[in-house]
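**Q** Questions regarding the structure given below will be posed in turn.
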Amino acid sequence: MLLSLSSWVRAESFVVENIEVIGIKKITIGTVFSYLPVNVGESLDLDRTPELIRELYSTGFFDDIELLRRDNILVIKVIERPSIAEVNFDGNDDIEDEALEQALDGVGMSKGRIFNENKLEKLELELQQVYYSLGKYAARIEAEWRPLDEDRVAIDITISEGISATIKSINITGNENVDEDDLLEIFQLEPSSEGWFPDDEYSSSKLTADLETLKSYYLDRGFIQFEVNSQQVTISPDRKDISITINIFEGEQFVLSNVEVAGEMVVSADELRALITFRDGEIFSRKEINKVISAMKKRLGEEGYAFAEIRVLNELNEEENTVSLRFLVVPGKKMYVRYIEFSGNEKTKDTVLRREMRQLESAMYQRSKVDRSRVRLQRLNYLASVDVKLIRVPDTDDQVDININVSERFSGNMQIGIGYSQSQGALLNLGFSHENIFGSGNAVDLTFDNSSASQRYAFKYKNPYYTPDGVSRGFNFSVTETDASENNTSNYLIDRISFSIDYGIPLSEFNTLSLDLGVLRNDLETTSGSSDEVFDFIIDNSDEYDESTPHSEIDGDRYDTLFGAVSLSKDTRNRRIFAESGHLNRVNLELHTGDLDYYKVRYLHQTAYSLSRIFTFAFRSRLGYGDSYGESVDLPIFEKFTAGGVRSVRGYDFNSLGPLDSNGDALGGNFQVITTTEILFPIEALGSSETFRLGVYFDAGNVFADVDSYESDELRQSVGLSAKWLSFIGPIEFSYAIPLNDQPGDDTQNFQFSLGARF
């Protein structure tokens, strides 16, 4: 610091008429004034100047401060410290830059802050603590700075992470009622000696979480007085082994002696009591109490009490080890929704999201309508996540705003791809698809697919809100040329042209009636490898050929049909892709008339529910049946049901199951049964939970000539692992399966994959 008094007049004090600051570039003059212990109009003398300089220097903003006087004007001349323009990390493999930058921000040494060389040592210690919290006690941090110009510096941080110290032992003392091994089973952290792949790398955050889990374990089993008295983490001299000791106090186990509901009964007490799931004499459980609190709040939310509180008052009888509970209802004010505001929808129009809302503005708040609105938004495939928050309106006590932040998912793409599929060989794919074209919520799909099995040209358009009431309308046109032999089925060629219009009519919040009307042309051609069943079908449904016609004279036939389809579905899933709760049930009847008369009935069931925060149980079943009517004979061979492959029974070759034709190829059947039981879980390192899931599954299924030929022993079974990825080119599924009851002649495949899989 430099104090210059060369221009100070003889008078020892003067009244400050003005203050000038010279040399500031990054700091605002208001910031300087806020730290000055003197104001305009006050008297300043030499005795106060050290105090003034100390205050300014303590801000950490300045390298040099000089005080001058010009007449009665106080002049403050400063040289600012440089700012931090860059922070560079080297050697941090286990911790991302962002996590380290947060630690730097805590000591005021992050990018954009004022540089203070004296804080470099504190910076190193702060980063070292970050590594210590992960058990990396051998980590070494070295921070250096270098000037970039007179106003900016760069900080270079070199990190030697070292290896993580592993947990040698975890000991719990004070547990008299529960065995230590049972308690350690609920911990995330494990000693190195525990199993093949123990989670033995120490983490302070994991230990904190484990202690909270331990507390919950006891409180859910009646030990109300449970406490963690102490925890000791000790490290070996070589910094490689960690020992953890946890001392607990269990207390006595308490049972319920009386349960009451009190407070302001805006909902009848009997109705709230009915939500209580436990009775007198049962063991106290915090988990069950929290469930009751949640249920009561939800019920009060139906009456508009968005911020209702349920306070639990308990009275312990330590002599009899009983506890009485009182649920005190504090409903607060009934709330009305002022505004519903959306954010994060950079591409999607506000009206597209707003039409999914069941909670309306200027209406009473209802919890069920807000929850249903969230689910309907989550079910839009072009939204990855939905976050709903209630915000009290300032200066009112009965209004809330609903803020909905959405994260949009990639929902449209141009596709130009060359690939390979096990079931279809080499693939060429050209197309444009978008489920939210121009942010309108309408879907458009233009596709050209070429493989060894088929060529397909398709156009689809769907408006999910053709009417304001939610009636959808779609147009579908496709041209497909297929060589069935490449699909592991009977040998024939089939060219198909179809056009249809479909409508979806909502019958209720969960039920939808769908109608489909269209025309279909099928050109069936035989080949030198066609089986007797192909020729028999043509003969049986033809006026041109009969049983005396040589197969060599039968080239094929054309079949034009009108078709109509009606389906009824009930869908309560929380989302369409990777659902975590809810059910889907759909029944579909498809009827064709014209050159061929036949029908197909399909039933689809899907259910999902969360086993935990990570694991989801999913079950899916499909039943299908078809037959001819009128003068037609049998279900057309190109309409028969098939089974086998990634989309049905994994572990068996694509379409290979079921009855065989005279050439030994899969013919397909009139009756289909397929079930899948799966447990899915995300792996964040491979992708977000919205786009990637691993699974363990059990498949069972087959196709049969008809219902009468169904035998449960003939259902092929497999178990295995799956990976489902919602990629930017479409959904992809990989699976590794082990067939459980394959029979001689079955075509099995352990590893399978498919592009365009349905999750």
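The values are calculated or read from the model by the stated rules, or taken from the named source; none is laboratory data. What you see is a predicted model, and the numbers here were worked out from it, not measured in a lab. Quick reminder, even Gly has a Cβ in these numbers, built from the backbone with ideal geometry, and neighbours come from all protein chains shown.
**Q** Looking at (1) charged (D, E, K, R); (2) in contact (Cβ under 8 Å) with a residue 12 or more places away in the chain; (3) under 25 Å from Leu219 (Cα atoms), find the lone condition where Glu180 falls short.
**A** (2)
**Q** Separate question: Condition (residue is assigned by TED's automatic domain parsing to the domain that holds Gly645, assigned to a strand (DSSP E or B), buried (at least 16 other Cβ atoms within 10 Å of the Cβ) and at pLDDT 95 or above) applied to the stretch 683-692: is it met by at least one residue? Before the answer, list the steps.
**A** Residues of the stretch 683-692 assigned by TED's automatic domain parsing to the domain that holds Gly645: 683-692.
Imposing the further condition that a residue be assigned to a strand (DSSP E or B) reduces the set to 692.
Filter again for buried (at least 16 other Cβ atoms within 10 Å of the Cβ), leaving 692.
So of that shortlist, the ones also at pLDDT 95 or above come out as none.
No, every residue in the stretch 683-692 fails to be assigned by TED's automatic domain parsing to the domain that holds Gly645, assigned to a strand (DSSP E or B), buried (at least 16 other Cβ atoms within 10 Å of the Cβ) and at pLDDT 95 or above.
**Q** Of the conditions (1) among the hydrophobic types (A, V, I, L, M, F, W, C); (2) over 29 Å from Leu513 (Cα atoms); (3) more than 38 Å from the chain's Cα centre (by Cα), Leu686 fails just one. Which one is it?
**A** Failed condition: (3).
**Q** Within the stretch 438-489, take every residue that is assigned to a helix (DSSP H, G or I) and not assigned by TED's automatic domain parsing to the domain that holds Ser656 and give me the one that is surrounded by the fewest Cβ atoms within 10 Å (Cβ to Cβ).
**A** Step one: of the stretch 438-489, the residues assigned to a helix (DSSP H, G or I) are 438-439, 484-487.
Filter once more, keeping what is not assigned by TED's automatic domain parsing to the domain that holds Ser656: 438-439.
Numbers: Phe438: 12, Gly439: 18.
It comes out as Phe438.
**Q** Working carefully through the options Arg299, Arg311, Arg338, Arg326, find the one that is part of a strand (DSSP E or B), within 19 Å of Val370 (Cα to Cα) and not hydroxyl-bearing (Ser, Thr, Tyr).
**A** Numbers: Arg299 fails: part of a strand (DSSP E or B); Arg311 fails: within 19 Å of Val370 (Cα to Cα); Arg326 fails: within 19 Å of Val370 (Cα to Cα).
After ruling out the rest, the residue left standing is Arg338.
**Q** So which residues in the stretch 348-382 are among the hydrophobic types (A, V, I, L, M, F, W, C) and out of contact with any Ser or Thr (no Cβ under 7 Å at 6 or more places or on another chain)? So that I can check it myself, show each step before the final result.
**A** As a first pass, look at the stretch 348-382 and keep what is among the hydrophobic types (A, V, I, L, M, F, W, C): 352-353, 357, 360, 363-364, 370, 375, 377, 380.
Listed by number, the residues that qualify are Leu353, Leu360, Ala363, Met364, Val370, Val375, Leu377, Leu380.
**Q** Glu98 fails exactly one of the following numbered conditions: (1) surrounded by fewer than 18 Cβ atoms within 10 Å (Cβ to Cβ); (2) in a strand (DSSP E or B). What is the number of that condition?
**A** (2)
**Q** Identify all residues within the stretch 201-238 that are more than 30 Å from Asp280 (Cα to Cα) and of a type in the set (Ser, Thr, Tyr); write none if there are none.
**A** To start, the set of residues in the stretch 201-238 that are more than 30 Å from Asp280 (Cα to Cα) comprises 201-210, 229-238.
Once the filter is applied, which keeps residues that are more than 30 Å from Asp280 (Cα to Cα) and of a type in the set (Ser, Thr, Tyr), the stretch 201-238 yields Tyr202, Ser203, Ser204, Ser205, Thr208, Ser230, Thr234, Ser236.
**Q** Separate question: Among all residue pairs at least 6 apart or on different chains, which show Cβ distances below 6 Å where the first residue, located in the stretch 104-118, is surrounded by 14 or more Cβ atoms within 10 Å (Cβ to Cβ) and the second is among the β-branched types (Val, Ile, Thr)?
**A** Qualifying pairs under 6 Å: Lys111/Ile84; Lys111/Val87; Arg113/Ile84; Phe115/Ile84; Phe115/Val153.
**Q** Checking the conditions here, which among Thr234, Thr245 is of a type in the set (Ser, Thr, Tyr), over 37 Å from the mean Cα position of the chain (by Cα) and within 26 Å of Lys215 (Cα to Cα)? Working first, answer last.
**A** Working: Thr245 fails: over 37 Å from the mean Cα position of the chain (by Cα).
Criteria check complete, one pass: Thr234.
**Q** Can you tell me which residues in the stretch 261-297 are among the acidic types (Asp, Glu) and either modelled with pLDDT of 95 or more or under 39 Å from the mean Cα position of the chain (by Cα) (or both)?
**A** Glu264, Asp270, Glu271, Glu282, Glu288
**Q** Just for the stretch 508-526: of the residues that are hydroxyl-bearing (Ser, Thr, Tyr) and part of a strand (DSSP E or B), which one is farthest from Tyr559 (Cα to Cα)?
**A** Step one: filter the stretch 508-526 for residues hydroxyl-bearing (Ser, Thr, Tyr), giving 508, 512, 514, 526.
If we keep only those that are part of a strand (DSSP E or B) too, we end up with 512, 514.
Details: Thr512: 32, Ser514: 26 Å.
Across the stretch 508-526, the extreme among qualifying residues is Thr512.
**Q** Please identify the pairs in which a residue from the stretch 319-341 that is over 20 Å from Met357 (Cα atoms) has its Cβ atom under 6 Å from the Cβ atom of a residue that is acidic (Asp, Glu), counting only partners at least 6 apart or on another chain.
**A** So the pair list comes out as Asn321/Glu252; Ser324/Glu315; Arg326/Glu260; Val329/Glu264; Val330/Glu309; Pro331/Glu264; Lys333/Asp397; Lys333/Asp398.
**Q** Going by the conditions given, is Ile729 assigned by TED's automatic domain parsing to the domain that holds Phe638, in contact with a Leu (Cβ under 8 Å, 6 or more places away or on another chain) and modelled with pLDDT under 90?
**A** Values: assigned by TED's automatic domain parsing to the domain that holds Phe638: yes; in contact with a Leu (Cβ under 8 Å, 6 or more places away or on another chain): yes; modelled with pLDDT under 90: yes.
For Ile729, the condition - assigned by TED's automatic domain parsing to the domain that holds Phe638, in contact with a Leu (Cβ under 8 Å, 6 or more places away or on another chain) and modelled with pLDDT under 90 - is met.
**Q** Does Ser407 meet the test of being part of a strand (DSSP E or B), of a type outside the set (D, E, K, R), crowded, with 17+ Cβ neighbours inside 10 Å and at pLDDT 55 or above?
**A** Working: part of a strand (DSSP E or B): yes; of a type outside the set (D, E, K, R): yes; crowded, with 17+ Cβ neighbours inside 10 Å: no; at pLDDT 55 or above: yes.
The answer is no for Ser407.
**Q** Exactly one condition in (1) at pLDDT below 85; (2) surrounded by fewer than 19 Cβ atoms within 10 Å (Cβ to Cβ); (3) in a strand (DSSP E or B); (4) among the polar types (S, T, N, Q) is false for Thr677; which is it?
**A** Only one criterion is unmet by Thr677, namely (1).
**Q** Then there is this: Could you pull out the residue among Tyr736, Tyr710 that is surrounded by 14 or more Cβ atoms within 10 Å (Cβ to Cβ), free of Cβ contacts under 8 Å to residues at least 40 places away in the same chain, assigned by TED's automatic domain parsing to the domain that holds Val649 and touching a Gly at 6+ places or on another chain (Cβ under 6 Å)?
**A** Numbers: Tyr710 fails: touching a Gly at 6+ places or on another chain (Cβ under 6 Å).
None of the others qualify; the one that does is Tyr736.
**Q** Where the second residue is part of a helix (DSSP H, G or I) and the first is touching a residue at least 40 places away in the same chain (Cβ under 8 Å) and lies in the stretch 124-137, which pairs have Cβ atoms under 7 Å and are six or more apart or on separate chains?
**A** Here the result reads Ser133/Ser204; Ser133/Ser205, each pair linking the stretch 124-137 to a residue that is part of a helix (DSSP H, G or I).
**Q** Report whether or not Ile79 is closer than 20 Å to Gln128 by Cβ and either outside any strand (DSSP E or B) or touching a Gly at 6+ places or on another chain (Cβ under 7 Å) (or both).
**A** Working: closer than 20 Å to Gln128 by Cβ: no; either outside any strand (DSSP E or B) or touching a Gly at 6+ places or on another chain (Cβ under 7 Å) (or both): yes.
No; evaluated as a whole, the condition is false for this residue.
**Q** For the stretch 463-491: of the residues being in contact with an Asp or Glu (Cβ under 8 Å, 6 or more places away or on another chain) and among the charged types (D, E, K, R), which is nearest to Ile637 (Cα to Cα)?
**A** Ranking the qualifying residues of the stretch 463-491, first place goes to Glu481.
**Q** Would you be able to tell me the number of residues in the stretch 527-557 that are out of contact with any Leu (no Cβ under 8 Å at 6 or more places or on another chain), assigned to a loop (DSSP other than H, G, I, E, B) and under 14 Å from Tyr492 (Cα atoms)?
**A** 5
**Q** To continue, here is another question. For the stretch 11-63, list the strands (runs of 3 or more DSSP E) that sit wholly inside it and hold at least 1 residues that are on the phi > 0 side of the Ramachandran plot; which are they? Reasoning before the result, please.
**A** Values: elements: 13-15, 18-22, 43-45.
By residue number, no strands (runs of 3 or more DSSP E) qualify.
**Q** Can you name the residue in the stretch 119-169 that is among the basic types (Lys, Arg) and under 19 Å from Lys206 (Cα atoms) and, of all such residues, is surrounded by the fewest Cβ atoms within 10 Å (Cβ to Cβ)?
**A** Lys168
**Q** Filter the stretch 275-318 for residues that are among the small types (Gly, Ala, Ser) and in contact (Cβ under 8 Å) with a residue 12 or more places away in the chain and give the result.
**A** Passing the criteria: Gly281, Ser285, Ala295, Gly301, Gly304, Ala306, Ala308.
**Q** Suppose we keep only residues that are of a type in the set (Val, Ile, Thr) and assigned to a loop (DSSP other than H, G, I, E, B) within the stretch 351-404. Which one would you say is surrounded by the fewest Cβ atoms within 10 Å (Cβ to Cβ)? Outline the logic, then answer.
**A** Here is the first cut: in the stretch 351-404, the residues of a type in the set (Val, Ile, Thr) are 351-352, 370, 375, 386, 388, 391, 393, 396, 400, 402, 404.
Keeping just the survivors that are assigned to a loop (DSSP other than H, G, I, E, B) gives 393, 396.
Values: Val393: 15, Thr396: 12.
It comes out as Thr396.
**Q** Looking at Ser567, is it over 30 Å from Leu507 (Cβ atoms) and of a type outside the set (D, E, K, R)? It would help to see each step written out before you state the result.
**A** Details: over 30 Å from Leu507 (Cβ atoms): no; of a type outside the set (D, E, K, R): yes.
When the stated conditions are applied, Ser567 does not pass them.
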